[in-house]
Every structure is written in C-alpha cells, then in structure tokens.
Amino acid sequence: MSNTPFVIERTLNAPVSKVWKAITDKDEMNQWYFDLAEFKPEVGFEFRFNGQGKKGENYLHICKITEAVPEKKLTHSWRYDGYEGNSFVTFELTPEGNKTKVKLTHAGLETFPIDHPDFAKENFAEGWTQIIGTSLKEFVEKPSV
C-alpha cells in the first residue's frame, strides 16, 4: 500500500462560515457526518464515535483534535479501538466568493492492518467521496429554514 494520502476537493455553494459550523458543531455534524456525543474544535479534545464496516461490523473510532484554525483548517487523529494504526484527517477551507473550497486529506491509511478489507484505501475513498461530495454538500447547500 502506498503512503500517498487520500485527498478529495469539492467547491460547495455555501460561505466558509457555514461550512466551518457544519464541520465543528456537534448538532450539525450529527445531521450529515457521524453521531457524536461531544465535539469541540479545540486542540487536545478527544472524541469517539461508532462506524460500521461493509458487513455491518462495528468499529469504535477514537479521534483527537491536533490543529484548529477557525474557518480555515481542522485536523484530528483517526484510529480504531483494538487495531493498530493511526491516521490524520484534515479539513482545509478556502473561501471563493460566496462559495467554499473544501479539501479533505486522510493521511496515514497505510498504518492500518493491510489484510483488513474495511481498512482498504478504496473504502476510505468511497466513504469520503460520499461524505464530502454528497452528505456535506447537500447539508450546507440546502436553504436555511
């Protein structure tokens, strides 16, 4: 497996402040991302959530904020309870007028067990493409009620 991180970029039809809130506000994240008990965009803050594998396996994700620059950048570690490996997810936001370019980088995927199909880079690519390209996009672009 290569050490090349997975990167996805999308331009969303929403201002940077709205996108930042969507990726840092627990109540908003629960609507498009994962069900989080608690979340704070503060360095050192740890959060956990459950996610499912392809066959319905349950994985406890353990994450810790390592960088938070309001409306610009958010990085957190991403590992799985009971498995080796540690990776880092970075959201970078760039305003483009009333739109926002979102660049998500997931680095360190090669540290996960290579013989485990749920930890294959293709699965992360598929998941992030859905999360960033569809779920986040639809969430921030829907008209405010």
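Quick rundown of the values:
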quantity	calculated
Lone qualifier among THR66, THR90 - being in contact with a Lys or Arg (Cβ under 8 Å, 6 or more places away or on another chain) and free of Cβ contacts under 8 Å to residues at least 24 places away in the same chain	THR90
Qualifying residue in segment 11-23 (condition: at pLDDT below 95, of a type outside the set (D, E, K, R) and surrounded by fewer than 17 Cβ atoms within 10 Å (Cβ to Cβ))	no
Flag if THR4 is polar (S, T, N, Q), in contact (Cβ under 8 Å) with a residue 24 or more places away in the chain and out of contact with any helix residue (DSSP H, G or I) (no Cβ under 7 Å at 6 or more places or on another chain)	no
Residue count for segment 35-54, restricted to those that are closer than 23 Å to GLU126 by Cβ, in contact (Cβ under 8 Å) with a residue 12 or more places away in the chain and of a type outside the set (Phe, Trp, Tyr)	7
Matching option when the condition is of a type in the set (Phe, Trp, Tyr) and free of Cβ contacts under 8 Å to residues at least 40 places away in the same chain, among TRP32, TRP78, TRP20	TRP78
Filter pass, ALA37 being touching a helix residue (DSSP H, G or I) at 6+ places or on another chain (Cβ under 9 Å) and within 24 Å of ARG10 (Cβ to Cβ)	no
Residue, nearest to GLN130 (Cα to Cα), within segment 1-59, restricted to residues that are part of a loop (DSSP other than H, G, I, E, B) and among the acidic types (Asp, Glu)	ASP35
Of residues in segment 94-145 being surrounded by 14 or more Cβ atoms within 10 Å (Cβ to Cβ) and among the basic types (Lys, Arg), the one farthest from ARG79 (Cα to Cα)	LYS99
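The values are calculated or read from the model by the stated rules, or taken from the named source; none is laboratory data. Fair warning: this is a prediction, and the values are worked out from it, not measured in the lab. Backbone-built Cβ (ideal geometry, glycine too); neighbour counts: all protein chains shown.
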